[in-house]
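Notes for the one structure printed next.
Where a number appears in this text, it was derived from the coordinates with a stated rule and is not lab data. Everything numeric in this text was worked out from a predicted model, so none of it was measured. Cβ placement follows ideal geometry from the backbone for every residue including glycine, while neighbour counts extend to all protein chains displayed.
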Amino acid sequence: MKGVVVDNRLLNDKYGLMCIESYEFVKNAKPGQFLMIKTQLHDYLYDPLLRRPLGICDVNLKRGTFSLLYMIVGKGTKLLSTIEKDTSISFSEPLGAPFNLTVDKRVAVIGGGVGIAPMIFLTKTLYENNSVDVFYGGAEEKDILLTYVFEKYSNNMKISTNDGSVGKKGFVTDLVDNIDSYDKVYACGPKSMLKAVFEQVKDRNNIEFEVSLEERMACGVGACLGCIIYIDDEKTGRMKQVRCCAEGPVFDGKQIIWDTVCKEQL
Ligand code: FES
C-alpha cells in the first residue's frame with residue numbers, strides 16, 4: 001500500500017509526528033492496530049532491511065489521513081524523521097487485533113512514553129460513548145506530547161514524569177488513586193508499567209483490562225515467530241504461546257503471564 005506524506009515534523013529531539021494521506025488505509029483502520037512502514041524511500045534500497053512497526057496514532061476520515069507518532073531511536077526512525085512532505089511512502093494495511101470498545105462505561109486510559117501513540121485514536125473513539133480519564137506518564141518533559149488532544153477528548157487528564165519536570169513527580173501508576181471507580185482499564189507503554197497496572201487490577205473481577213504490547217517485530221504478519229509472548233490459555237489452563245503481531249498487539253491483560261513478558265527487564 002502507498003500513501004503521500006502530507007506532514008512530517010519533529011516534536012522535539014526524541015519524537016516525530018508523520019501524517020500520511022491514504023483513503024484506502026484510513027477506512028479500514030481501528031484503534032489499537034499498527035502498520036509496518038518502509039523507512040527507505042526507494043524500493044531498491046534495503047538498509048534497513050526490515051519495515052518498522054508503528055501503532056496508528058490517529059485517523060481523519062474526512063481528509064483520508066492518518067498519523068504516526070514515532071520515537072527516534074535507531075537508523076529506521078532516524079530515516080523516517082527526514083522524509084519530506086509530498087513524498088510517496090510504502091506501508092502495510094492496518095494489522096493486528098484492535099481494542100475492544102466499550103459503551104456507557106467509566107474507562108481509564110493509561111499510557112507511558114511512546115506507548116501513548118495508539119491511545120490517542122483509542123481515547124477519541126471511546127470518548128464518543130464513555131466517560132474517559134487519561135493518565136499519561138513519561139520520564140521527562142520531552143515524553144509528554146499532544147496533551148491538547150487528551151484535554152479535548154477526556155473528562156479528566158493527569159500527567160506524571162519521573163523527574164517531576166511536568167505534572168506529578170513519580171510513576172503514572174501513582175496517579176491512579178481510585179482504580180475501583182473504573183469498569184475498564186486500557187494501557188500501553190513500557191512493560192514494567194503495564195505489569196504495575198496489572199498488579200492494581202488483577203484481583204478485581206469487575207474491572208476489564210486490555211493492553212497493547214510493543215514487541216520487536218520482523219514480519220508483522222505472524223510468519224517469523226519473532227514476537228512470541230505467553231498467555232494463560234483459559235480452555236486448557238496451560239501456558240500458551242501467541243504472536244504479538246497476529247493474535248495481538250492487544251491482549252486481555254489478565255491473561256498475559258507478565259513474568260515471561262517482562263523477563264528481559266528483571
Ligand atoms: S513479527 Fe513475525 S511473527 Fe510476529
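Magnitude of the charge dipole for the chain, about its Cα centre and with charges confined to Cβ atoms of Lys, Arg (+1) and Asp, Glu (-1), is about 360 debye.
When only Cα pairs below 8 angstrom with a gap of at least 6 residues are kept, the chain shows a relative contact order of 17 percent. For residue 201, the shell of other residues with beta-carbons less than 12 Å away shows a net charge of -2, using +1 for Lys and Arg and -1 for Asp and Glu.
Between the amide H of residue 135 and those of 109, 110, 111, 158, distances stay under 5 Å, these residues lying 5 or more places away or on another chain, with hydrogens modeled in the peptide plane. Against the main long axis of the alpha-carbon atoms of the chain, helix 117-126 sits at an angle near 60°.
Per-residue 3J(HN,Hα) values for region 143-152, derived from phi via the Karplus relation 6.51 cos²θ - 1.76 cosθ + 1.60 with θ = phi - 60°, read 7, 9, 10, 6, 5, 4, 5, 5, 4, 6 Hz in sequence order (x marks Gly and Pro). 3J(HN,Hα) along region 99-115: 5, 8, 8, 9, 9, 6, 10, 9, 10, 10, 10, 10, x, x, x, 6, x Hz, from the Karplus curve 6.51 cos²θ - 1.76 cosθ + 1.60 with θ = phi - 60°, whole Hz, x for Gly and Pro. Over all alpha-carbon pairs in the chain, figure out the percentage whose distance exceeds 23 Å. So the portion of pairs separated by more than 23 Å is 51 percent. Nearest 10 degrees is fine. How inclined is helix 191-201 to the longest principal axis of the chain, computing both from alpha carbons? Result, in degrees: 30. Distances between placed amide hydrogens fall under 5 Å for residue 11 paired with 16, 17, all partners being 5 or more residues away or on another chain. Checking every one of the GluC sites (Glu not before Pro) in region 163-266 against DSSP loop status and a limit of 13 other Cβ atoms within 10 Å picks out 234. Sparsely packed loop sites in region 179-266 (the trypsin sites (Lys or Arg not before Pro) outside DSSP H, G, I, E and B with at most 16 other Cβ atoms within 10 Å) comprise 202, 204, 216, 235, 238. Of the residues 79, 242, 101, the one whose Cα sits farthest toward the positive end of the charge dipole of the chain, with +1 on the Cβ of Lys and Arg and -1 on the Cβ of Asp and Glu, is 79.
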